[in-house]
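Each value in this text was obtained by applying a stated rule to the coordinates, not by laboratory testing. Bear in mind that the values here come from a model prediction, so they are computed numbers and not experimental data. Because the Cβ atoms are built from the backbone with ideal geometry, glycine has one as well, and the counts that use them run over all protein chains shown.
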Amino acid sequence: MEYFLQQLINGLTLGSIFGLIAIGYTMVYGIIGMINFAHGDIFMVGGFIALMSFLILGIAGITWVPLALAIVLVIAMVFTSIYGWTVERVAYRPLRGSFRLAPLISALGMSIFLQNYVQLLQGARSKPLPPVIQGGFVLMESPTGFTVTISYVQIMIIVMTVVLMAAFTTLIQKTSLGRQQRACEQDKVMASLVGVNVDRTISATFVMGAALAAVAGTMYLVRYGVIDFFEGFVVGIKAFTAAVLGGIGSLPGAMLGGLLLGLIEAFWSGYFSVEYKDVAAFGILVLVLIFRPSGLLGKPEIEKV
Amino acid sequence: MTATTYDSADTKARAFPWRTALIEAGITAFIAFMLAITMVGIHLETVQGGLAIATRFADVVVAIILAFVGRIGIVAMREGFPMVVLIGGVAAAALGLLVPPIDIVAAVLQALGGEAPPATPVLQIMQVAGGVILALRAAWLVWRQRGSRESQDERSRSLGDLSARIQGWTGYIGPVAAAFAVALPFLFYDRATIDLATLVLTYIMLAWGLNIIVGLAGLLDLGYVAFYAVGAYSYALLATEFGWSFWICLPLAGLLAATAGLILGFPVLRLRGDYFAIVTLGFGEIIRVVLLNWYEFTGGPDGISSIPRPSFFGFAEFTRSPDEGVTAFHDMFGLEFSGIHRVIFLYYLILVLALFVNFVSVRVRRLPIGRAWEALREDDVACQSLGINRRNIKLAAFMFSAGFGGVAGSFFATRQGFISPESFQFIESAIILAIVVLGGMGSQAGIVLAAVLMIGMPEVFRELEQYRMLAFGALMVIIMVWRPRGLLAHRDPSVRLHPPEGRRRLWSIGGRKAAEPAVSDGAAQ
């Protein structure tokens, strides 16, 4: 029971990070119907920028953790957003309206480019970050001596995710930008006819996705204390899996998929074997897709003739 | 009034719009600054007990200047000054080759009393490459006598005409290319060249194999490397555990991979489009993870080493001093022993295998099943309504594709002599897929061109080893942006009910879009 609870907490934390990245995938897919393979690498860039900011703040002497964390998050979000915007502008916008596979290949190229760009400029070794936040609560202590703990970092990640999700849902549901995005998602031509600037809306989508990925990158860095140039690929694939699992194009679906994937991974590693956790994640994905091809919360695709 | 403005805008002699250019260039420079200040400007150095920060602000300055000048070049090209850009681009590239840009900044900094920064060659490469790309683009515009904006459509149409013509020539180019490939080991009798050619041919074979499922059947497979791995491990295990000969294992590996394709394909073929893509990607990863962790069976991360090399069709071995009762290749033909014999033999082996794949896919395209694939690619639903069994047809494409991947895998295993899960990462699938798409989906000749470009070119610039993958990624983006349907895109059905008379435009691509011009052409006649 205690062990179960501990894995549940770990899984939720991991799932929150997946969910934040998955939102970027699902939004882009919803609006322009492409798999943005470079999104995982944007997450990695976000992690690197956060690491830089932490070090610089350390040198500058800002060591009060909440303040430092807030500054780091803002910096990471701003600079990573620029990366997200540029990727869209350079690699995807010229391909708007082109055939389906072209942006996908372009995205693959961008992903390879970003990985090697970071590797060249920052080196191939993984970069460690000393623990920024330490400690946690002991939730339960069993007679066998197994303690269930939830660390401050985990609390922060979960709270942060909940807050961001709430803010994000409001943004999509209530603001004019959100309305424009939903309009573009439904029909780009019609949206442009009623005065929505489609290009700008798509750019905004990429910027938002990148900002969320930057938050995820920062969280990941703080939680695991290490980042390298290849990190984005694996996490990105998992997050995409999460987006598909939840039903691609659906925002609550992305979050749900992320959480589920995090839980699957945590429980599988906890009860079976760590080595095969990726197999479990993909296996569940395959099963879900076979029995529910549009994901858990996705709308079934209507075949138009 | 409006007419005069229009006319004056169209005349050649008009002022360069400095205002627009400067604003656009300023914005670009700002973006470049925001991008560069973090990743380029700050370097995380691993030192004893953690990380230290070093700054490289001179590089940031260079990057900003390059972005600024480059954007002005783009604006100039758009506004009808391609000649200036051509000269400027060539000059920038030449300058970049002669003097690294960072040296100039360093000199300025030193003159101002600062410290000289350490040089990073990335920017130099960027300057040269950027200059060359701008110059090429400008040269194209000068050649076309057109300074105005050229729409994507027009561009792809003119290039499409060209590629349709090239496709028309394939009948002649194909044999010439094959003859060149046959003669290659004797033209360039050195190991490095033949090795490179072997590598390129391996990718051509893989891409031709993948083309069946992606180019013909129109299913996006992101996990092709799984079958490559199955083929490689089949041969490696059969040869090392049971001592089976390569010549038995080669078809067997193909069959095993095709079986794997059947087993994996069965559940996923119901899925459509991107779901199919992500599930195949998942299978690719699953197979790699299993290979990595099933230590007793596959050797885990250590892989399988000392995989036997192929014999000369079982008659002779490529060794200096063969075992008792075995003929050596050089003795058999009365040659001096040389290590290159095996290299050449492997080269011919992959050449034959690749040409076999090509032959099969070209012929199968004309069979009912091949036509069904093409029909399926164009319209899934229409196909079903015509009574085509979608699942079986897709499965067949999957199995063909997987089988060829498996054969290529066993060739890979015997050539390397060592395999490990390292060789079967997602990036391989991505590269193979990139070759298929960049070449122009469904185009056999385009694949050869793309493979030579993507695999051959980076290998030639081996000294820039570090930048190989960077250039690879950039090349993928650039080719896609320039020509979204691939280099030799051309998607005509292999068989037509009413073959076009004479040279009709062959560039029309895609399902419904292709049908319209064809109909209107017919009506005009």
Report the relative contact order of segment B:160-306, percent, no decimals, based on alpha-carbon pairs under 8 angstrom and at least 6 residues apart. 22 percent
Average Cα contact separation per residue, segment A:19-232, under 8 Å, 6 or more apart, as relative contact order %: 43 percent
Taking a point 7 angstrom from the Cα of residue B:466 along the C-beta vector, which residues in segment A:98-120 have backbone N less than 18 Å away? A:113-120
Through the Karplus equation 6.51 cos²θ - 1.76 cosθ + 1.60, θ set to phi - 60°, convert the phi angles of segment A:75-85 into ³J(HN,Hα) values in whole Hz; use x for Gly and Pro. 4, 4, 5, 4, 6, 5, 4, 4, 4, x, 4
Can you flag which of A:277/A:299; A:174/A:299; A:127/A:238; A:238/A:299 are past 24 Å Cα-Cα? A:277/A:299
Can you list residues from other chains, or at least 5 along the same chain, whose modelled amide H is less than 5 Å from the amide H of residue A:228? A:127
So how far apart, in nm, are the two label points at residue B:91 and residue A:74 if each is 7 Å from Cα heading toward Cβ? 4.4 nm
Mind listing the long-range amide H neighbours of residue B:317? Cut-off is under 5 Å, sequence gap 5 or more, other chains count too, H placed in the peptide plane at 1.01 Å from N. B:312, B:327, B:328, B:329
In which sequence would B:69, A:222, B:357 go, from the one with the fewest C-beta neighbours within 10 Å to the one with the most? B:69, A:222, B:357
Orientation-averaged projected area, Cα convex hull of segment B:172-482 (nm²): 17.6 nm²
Report the FRET efficiency, 1/(1 + (r/R0)^6), for residue A:173 and residue A:137, where r is their Cβ-Cβ distance and R0 is 35 Å, rounded to 0.05. 0.55
Order of A:277, A:127, A:299 from fewest to most other C-beta atoms within 10 Å? A:299, A:277, A:127
Please give the contour-minus-distance gain from residue B:418 to residue B:363: 0.36 nm per residue of separation, less the Cα-Cα distance, rounded to one decimal in nm. 16.4 nm
Place a point 7 Å from the Cα of residue A:190 in the direction of its beta carbon; the residues of segment A:234-268 whose amide N falls under 20 Å from it are A:249-251
In whole Hz, what ³J(HN,Hα) sequence does segment B:378-389 give by Karplus (6.51, -1.76, 1.60; θ = phi - 60°), x for Gly and Pro? 6, 7, 4, 6, 4, 4, 5, 5, 8, x, 7, 6
Just how large is the dipole of segment A:19-232 about the Cα centre, in debye to the nearest 20, putting +1 at every Lys and Arg Cβ and -1 at every Asp and Glu Cβ? 460 debye
Need one number: convex hull volume per residue for segment A:145-193, Cα atoms only, in Å³. 86 Å³
Net length gained if the chain between residue B:312 and residue B:381 were fully extended (0.36 nm per residue, minus Cα distance): 19.9 nm
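For the protein assembly as shown, what is the charge dipole size about the Cα centre, in debye to the nearest 20, if Lys and Arg each add +1 at the Cβ and Asp and Glu each add -1 at the Cβ?
On the way: 57 positive and 52 negative charges, 536 e Å.
With Lys and Arg at +1 and Asp and Glu at -1, about 2580 debye.
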Given the peptides A:209-217, B:218-226, arrange them by the average over their residues of other C-beta atoms within 10 Å, most packed first. A:209-217, B:218-226
For A:176, B:423, A:111, which order do you get if you count the other beta carbons within 10 Å of each Cβ and list the fewest first? A:176, B:423, A:111
Note down the nm distance, to one decimal, between modelled labels 7 Å out along Cα→Cβ at residue A:126 and at residue A:275. 1.9 nm
With a ≥ b ≥ c from the Cα gyration tensor eigenvalues, square-rooted, and the rule rounded for a/c under 1.5, otherwise prolate when a/b > b/c and oblate otherwise, the protein assembly as shown is rounded
Dimensions (Å) - segment A:19-232, Cα atoms, principal axes, largest first: 64, 41, 38
In segment B:246-261, which residues have a backbone nitrogen under 20 Å from the label point lying 7 Å from residue B:240's Cα in the Cα-to-Cβ direction? B:246-254, B:256-257
